[in-house]
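Here the structure is laid out as structure tokens; the discussion comes afterwards.
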Amino acid sequence: MRFKITSKIVIFALSLLLVATIGTACSTQPACPQLDMPAPDFTLQDLNGTEVNLSDYLGKNVILNFWATSCGYCKMQLPYLEEVYKKYSETGLTVLAVNAMESYNRAADYIAKQGYTFPVLLDSNGAVNQLYCVPALPATMFIDSEGIVRFARLGAFSGVEEVENALSYLD
């Protein structure tokens, strides 16, 4: 009888500990990025194996694009981002294309075949996609030179002009 009471107390105590742990984990989970708030910093490797931090780009405007080769709309809009990158990179604009959970070979082969020149970052485990609460691809955020999210879009841009219009949200 004593064993049953002790085991019930232990189970009850462990249940309380589990609930407290889950509550703490949820309360410490960073919130999704919001407009006019700082973009969460992250570190990913680029296609050359170099570690890249978002904070490395403070002082520049950044188009942060989440994409995958398996996403038709992503592949449709990458040429627009390339054109904008080439046109505005000398003015302090960069495009960071975050590949979502694909292998290095798949992403690198596609980028090379298409001739894209913007930096491509590999989010092989999806941690940055999760940090940015990306619900679907493509997703794009425009981050100003101070690291503040100024514009966000879920879905593909329909042309270069539409991407350029969104640049008006930056500095």
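The values are calculated or read from the model by the stated rules, or taken from the named source; none is laboratory data. Predicted model only: the values in this text are computed from it and were never measured. Here Cβ is always computed from backbone atoms with ideal geometry, including for glycine, and neighbour counts include all displayed protein chains.
Being assigned by TED's automatic domain parsing to the domain that holds Asn99, hydroxyl-bearing (Ser, Thr, Tyr) and in contact (Cβ under 8 Å) with a residue 12 or more places away in the chain: is that true of Thr50 here? Taking the combined requirement at face value, the residue does not satisfy it. Residues of the range 45-62 that are aliphatic (A, V, I, L, M) and surrounded by 20 or more Cβ atoms within 10 Å (Cβ to Cβ): Leu54, Val62. The set of residues in the range 115-131 that are in contact (Cβ under 8 Å) with a residue 40 or more places away in the chain and either touching a Pro at 6+ places or on another chain (Cβ under 6 Å) or closer than 16 Å to Met76 by Cβ (or both) contains only Leu131. Which of the residues belonging to the range 88-100 are free of Cβ contacts under 8 Å to residues at least 60 places away in the same chain and surrounded by 14 or more Cβ atoms within 10 Å (Cβ to Cβ)? Matches in the range 88-100: Ser89, Gly92, Thr94, Val95, Leu96, Ala97, Val98, Asn99, Ala100. Counting residues in the range 116-136 that are part of a helix (DSSP H, G or I), of a type outside the set (Phe, Trp, Tyr), buried (at least 18 other Cβ atoms within 10 Å of the Cβ) and under 11 Å from the mean Cα position of the chain (by Cα) gives one or more. Could you tell me whether Val84 is of a type in the set (Val, Ile, Thr), at pLDDT 95 or above and part of a strand (DSSP E or B)? No; evaluated as a whole, the condition is false for this residue.
Just so you know, in the range 101-114 the residues that are outside any helix (DSSP H, G or I) and touching a residue at least 24 places away in the same chain (Cβ under 8 Å) include one that is surrounded by the most Cβ atoms within 10 Å (Cβ to Cβ), and it is Glu102. Residues of the range 62-80 that are assigned to a helix (DSSP H, G or I), over 16 Å from the mean Cα position of the chain (by Cα) and of a type outside the set (D, E, K, R): Gly72, Tyr73, Met76, Gln77, Pro79, Tyr80. In the range 131-141, is there at least one residue being touching a Leu at 6+ places or on another chain (Cβ under 6 Å) and under 15 Å from Leu96 (Cβ atoms)? Among the residues of the range 131-141, at least one is touching a Leu at 6+ places or on another chain (Cβ under 6 Å) and under 15 Å from Leu96 (Cβ atoms), which makes the answer yes.
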